[in-house]
Amino acid sequence: MTRHSLLLTAVATVTVPGLLAVFGVIGHDQGAGQGDITAALDSAALSGPFPVAPATARAAVRNNVAAVQRASGAPLTILSRVTASQQATGLQLLDKAADAGLAVTYQGTEVSSQSGVDGSVTTISQVWHEGEGATLVRTSSAAMSATTADAATTATSAAAADAASGSPEGVFGVTKSLVALLGQHYVAVYRDSGTVAGRAAAVVELYRFDGSLAAQYWLDRQTLVPLRRELFDTSDNLISNDSFVRVQFGAQAGAQAAGAAVPSTSAQSTWVTAVSPARFLASLTGQGWPVPGTLPGGLPLHAAAWTQTANGKVAELEYSDGLYVVSLFVQQGTLAARLPGWQQVRVAGQQAFVSGQSVSWSGGGLVYTMIADVPPQTVRQVVGALPGSGPPGLLGRLERGFGRMARLVNPFS
Amino acid sequence: MSHLGDLLSGLVDGELSGAELDRANAHLASCGVCRTEANALRRLKHELHELAGACDADEITRRLLAMAGPDGRDRRYDHAVLVPDRDQGREHGEHHRGRRVIWGTVSLVVVGIGAAAFGMGGGGSTGPQITPQVEVFDVQHAITSGDVPYTDPADRFARVPAVATTP
């Protein structure tokens, strides 16, 4: 009898929170994202997670164990007090947040602070978003001066154009495609409740397979729109903090969004998205562009696109594990001798120019411009892993020369 | 009736003796065919002897010995020993010169291609001078990463200081 009671208790402990969470998600679906999911989230709250493996164990070993468990469909044992259904709840919340970021009408002020290789960068932006429509973004610093108005216009028009073309977009990096990647590299867990800009929020935490905290998301309890995001590096340092300091939802926000001027999109470049990023990468390497399939920090190639400019073709390679995103822009040529507004620094031994989150350098007849939402050490690793401005050496020079000769004589290249 | 066959050449060369010589002479007396052939052989031998007189007998001997070779190896098909020393040296030199020409040509081609590759492998300065269109890149990055875009580089230096946010 006691045995049966224990069994029933264990089953109830596992299933009830999961069912409540599922009901909460279903209720959210039926309520078009406006339903209150507080009850379900409160029931699913945890006091974990705790890493199973000792801290001295190598992360690669733990990650391999996790990959095997995931492939076999078994619950991950990396976080001992987190069940598979609770992990699924965390990911479902983020997935719904990605949908809400597109479907819900909102207007607010965002403050973003990020650590770059030349220090911390902070921007303040006004954001208008009409449900299933365009997102308009205007930096407040740009609004202060006439000289930067064009920059604000550029950003705003691009966001509007994106909405029209159906490209992925979201709030604080919570997009459908990136959330799908998150599930492959992190464990998402609903943890706690909080408040952002005077609104009640559910907190979802992301853990690496070694048990370290990678990110925290605050999702609006009523709409699930992301209100705040914090990113941490592997040493638990806060490297990025994006948050609404003021936000409105619903009809009032919609009226303000409708009143915001939508600028012309004529000045924008047209980017062609590669259907197969891997094939696009192979074509680039075939042309002698030495671009990798995976960047340091375990960031695989996630998406690719290209555009044609007055200076030739520009390829964009986006690497991401769902949380950290690196956009690498590659084009033929050399950096101009003077780049007004950029700071000349040495990054990983390379001569580079840095401006905010952008790092640009040239090497091997190519110009690389990287915009990265990653820890500064990852930026240095990426710059060090790609060809730089230094002399290539005898073998490197011969290799490059033979490659160019082969392309000259190859009629199919 | 059988003829003398191989004995005929021995008879002409004076190599037969005794009963063999008697029997050959007896046959020649009664066989016109062998007699005619013997006369023809003698004429030929005489003519060869006259021709051989024009050459140095020692030289011929030396060359014949050389054909056999000191190690007993049959060198009859070695072209070098069948020609006079002067021609042999010239052909030997031409042979080596040919090899040198081939090797020299191959080396020149390899060095030339290597130099061309070295030249083409340098010059990273080829191509246009690029000023990164960071405002365009920022927007593209914002679209794909789901973040708000940054502003242009000039604006970044005028950014407002960090603002404390409300959790």
Exercise. Among the strands (runs of 3 or more DSSP E) contained in region A:307-413, which hold 2 or more residues that are closer than 30 Å to A:Glu205 by Cβ?
Worked result: A:312-320, A:325-332, A:358-363, A:366-373
For this session: Within region A:225-248, count every residue that is under 14 Å from A:Gly173 (Cα atoms) and either of a type in the set (D, E, K, R) or open to solvent by less than 20 Å² (accessible area, probe 1.4 Å) (or both).
Result: 11
For this session: Go over the candidates A:Gly194, A:Gly173 one by one and state the one that is within 9 Å of chain B (Cβ to nearest Cβ) and either free of Cβ contacts under 8 Å to residues at least 60 places away in the same chain or of a type in the set (A, V, I, L, M) (or both).
Result: A:Gly194
Exercise. Open to solvent by less than 30 Å² (accessible area, probe 1.4 Å), modelled with pLDDT of 80 or more and either closer than 22 Å to A:Ala100 by Cα or assigned to a helix (DSSP H, G or I) (or both) - does that describe any residue in region A:147-165?
Worked result: no
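Listed here are the residues, each with its yes/no results for (1) more than 28 Å from A:Val409 (Cα to Cα); (2) at pLDDT below 90.
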{"position": "A:Trp271", "(1), (2)": "yes, yes"}
{"position": "A:Arg279", "(1), (2)": "no, no"}
{"position": "A:Gly293", "(1), (2)": "no, no"}
{"position": "A:Pro296", "(1), (2)": "yes, yes"}
{"position": "A:Leu299", "(1), (2)": "yes, no"}
{"position": "A:Thr307", "(1), (2)": "no, no"}
{"position": "A:Tyr319", "(1), (2)": "yes, no"}
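The values are calculated or read from the model by the stated rules, or taken from the named source; none is laboratory data. No experiment lies behind these values; they were computed from the predicted model shown. Here the Cβ is made from the backbone with ideal geometry for all residues, glycine too, and neighbour counts use every protein chain on show. Calculation scope for accessible area: heavy atoms of the full protein, side chains included, ligands and nucleic acids excluded. Shrake-Rupley method; radii C 1.70, N 1.55, O 1.52, S 1.80 Å.
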